[in-house]
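Structure first, then comments.
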Amino acid sequence: MTLEGVRVASLREEGVSLVLAESLAGGQPEAFLNGREFAVVRADGSVHLVLAPSWGQKVMDRSWAAIHPLARYMAGAISPGNLIVYAPRNSGDLRVVWQILQAAHAFAIGTVGRMALPDSRW
């Protein structure tokens, strides 16, 4: 499984960063954690990522994630789409987490398939 234009970097102590190529980073600044980093796979298997708020709400409604604690305390400074996706427990969970990670990738690129998201940079 791969994501287009993504390189793995150990930029953070808590996990492995997923960084999007500059040429593909067309999403809004809120789609990124830091620079072009759009997700961190943490040592415990959970994933810190950013989703569009409406997408993130759907993920949370299905109990796959929680808002990142800093997003609660630093409202306005950190996007409310910052989530911690729970670590997968089995192959079924892994498939769902992979889909959520793909959504974060699409948000960072600013497109879903060939269709630009309405809030993407143009």
Kindly establish whether ALA43 is out of contact with any Ser or Thr (no Cβ under 8 Å at 6 or more places or on another chain), at pLDDT 95 or above and of a type in the set (A, V, I, L, M). no
Scan segment 41-63 residue by residue and report those that are among the basic types (Lys, Arg) and without any contact (Cβ under 8 Å) to a residue 12 or more places away in the chain. LYS58, ARG62
What residue, among those in segment 50-75 that are modelled with pLDDT of 70 or more and among the aromatic types (Phe, Trp, Tyr), is nearest to GLU30 (Cα to Cα)? TRP55
In segment 1-37, the residues that are touching a Gly at 6+ places or on another chain (Cβ under 8 Å), within 20 Å of ILE67 (Cβ to Cβ) and surrounded by 20 or more Cβ atoms within 10 Å (Cβ to Cβ): GLY27, ALA31
Would you point out the residue of segment 18-35, among those that are more than 16 Å from ALA52 (Cα to Cα) and assigned to a loop (DSSP other than H, G, I, E, B), that is modelled with the highest pLDDT? ALA21
Considering every residue within segment 51-69, establish whether at least one is hydrophobic (A, V, I, L, M, F, W, C), crowded, with 20+ Cβ neighbours inside 10 Å and in a helix (DSSP H, G or I). yes
On the basis of being modelled with pLDDT of 90 or more and either outside any strand (DSSP E or B) or out of contact with any Asp or Glu (no Cβ under 8 Å at 6 or more places or on another chain) (or both), does SER10 make the cut? no
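The values are calculated or read from the model by the stated rules, or taken from the named source; none is laboratory data. All values derive from a computational prediction rather than experimental measurement. Every residue, glycine among them, receives a Cβ derived from its backbone with ideal geometry; neighbour counts consider all protein chains shown.
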